[in-house]
Amino acid sequence: MSLVKIVDKPIDVDTLTKSLIHNEFGGVDIFLGNIRQYTDDIETEKIEYTTYKSMAEKEMQKLADIVLAKGMDVVMVHRVGELQLGDVAVFIGVSAPHRAEAFENCQMLIDQLKHTVPIWKKEYDKDKIRWGGLEE
Amino acid sequence: MSLVKIVDKPIDVDTLTKSLIHNEFGGVDIFLGNIRQYTDDIETEKIEYTTYKSMAEKEMQKLADIVLAKGMDVVMVHRVGELQLGDVAVFIGVSAPHRAEAFENCQMLIDQLKHTVPIWKKEYDKDKIRWGGLEE
Amino acid sequence: MRIKLFSVLAEKIGPTIELDLPETFTAQNILERIKSLHPDYEDVLDQSLVAVNEEYTNDEKISLESVDEIAIIPPVSGG
Amino acid sequence: MRIKLFSVLAEKIGPTIELDLPETFTAQNILERIKSLHPDYEDVLDQSLVAVNEEYTNDEKISLESVDEIAIIPPVSGG
């Protein structure tokens, strides 16, 4: 049961995980991205994610379709709004007949999501606000 | 909070997942191995896992220590006993500062577990019983 | 035409910006027009892409009558 | 010395097998002794390793007095 969605509430990791366990597949790989306190010397207090939602879901679906076309199951959920330390921002899960494919495709999905999906972070760091992705 | 264990009860995926989310790390990769119904034309009805428990936990700990030494967090739990279709047999989780390390080390752990940890499966297939790992 | 803005551009300029567009134009034309109105954000606009009807565009000529929606996409940073 | 057996060997032969061991021996010696007692499982034993004190051994000489526990490890198949 493939699922691709942007949400503005906490991600229900347990339900999404369970939705990826199928009798016909033997391996599930899941990536969780959560809000990290330190990036080198920079201390983050919270992150606000915004999105161009309709386009973001389309772009996520394009990525999911690549994996679905190989006969695997996919869940991609990204949360937007104000997130605190430890909150899960993104859940990517791939269920596959064999584990190597699950790992490979899960990693591809998160790597590509970071390149193509219109979601932006505004990072409230202790020293200042940083806009993710911008070269300064 | 690293955890390495063999259990004979259902694996509590949700609690283990949550234990891997830390403020100091930004990425978690989790692998779940579950009981698959079909392997090519072979239909599996259930699997019985047995172990040389004390040695298996030592061998799992050796693998976990490789990843812990790199400053990541690790959870490795394998279930033994009689498992039904869809049951989770193994949970491997790595929490790391950066996602590439999480993926790489999680995959290394499950690959190595399958090579070195004394756990055995007896597969009750529709046509006959198969002992995992044996060349026939 | 009302162009959608996001992220730092939306916060600094507003959620949309109104531009008069010719019958055909390119993504680059749009970015240049916004830069001329808001020279302070030239740097962000130089790193931005343009989406038409929720699809990324590159150098192609865009015909106004095919356009339902235009958005400026600063460098994305999800995940 | 009581040797631990697992998986298909435990099911067919029993959870342990008693062997008289000399003062020094190798993993291969043990496997050969079990094969001679249970020639039906030669095939499995040829694919098995020997663990002494919960550590895999290879070709080294093992001194009986250093041994607390010996186990035969058929090909593992966890995961």
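General observations
- Of the helices (runs of 4 or more DSSP H) lying entirely inside chain D, those carrying at least 2 residues that are of a type in the set (Lys, Arg) and surrounded by 13 or more Cβ atoms within 10 Å (Cβ to Cβ) are D:27-37.
- Here residue C:56 passes the criteria (1) more than 10 Å from chain A (Cβ to nearest Cβ); (2) within 19 Å of residue A:116 (Cβ to Cβ); (3) of a type in the set (Phe, Trp, Tyr) except the one numbered (1).
- Qualifying strands (runs of 3 or more DSSP E) (wholly inside segment A:29-136; at least 1 residues being within 11 Å of chain C (Cβ to nearest Cβ) and either open to solvent by 50 Å² or more (accessible area, probe 1.4 Å) or under 25 Å from residue C:54 (Cα atoms) (or both)): A:42-51, A:73-79, A:88-96, A:119-125, A:129-131
- Among the residues of segment A:1-28, those identified as facing chain B (nearest Cβ under 7 Å) and of a type in the set (Val, Ile, Thr) are A:13, A:17, A:21, A:28.
- Members of segment B:1-28 that are open to solvent by less than 20 Å² (accessible area, probe 1.4 Å) and part of a strand (DSSP E or B): B:6, B:27, B:28
- Tabulated pairs, segment B:1-25, first within 11 Å of residue B:75 (Cβ to Cβ), second assigned to a loop (DSSP other than H, G, I, E, B) and open to solvent by 50 Å² or more (accessible area, probe 1.4 Å), C-beta under 8 angstrom, 6+ apart or interchain: B:19/B:1
The values are calculated or read from the model by the stated rules, or taken from the named source; none is laboratory data. Since we're looking at a predicted model, the values are computed, not measured. So basically every Cβ, Gly included, is an ideal-geometry build from the backbone, and we count neighbours across all protein chains shown. Accessible surface is based on the protein model in full, side chains and every heavy atom, while ligands, DNA and RNA are left aside. Shrake-Rupley method; radii C 1.70, N 1.55, O 1.52, S 1.80 Å.
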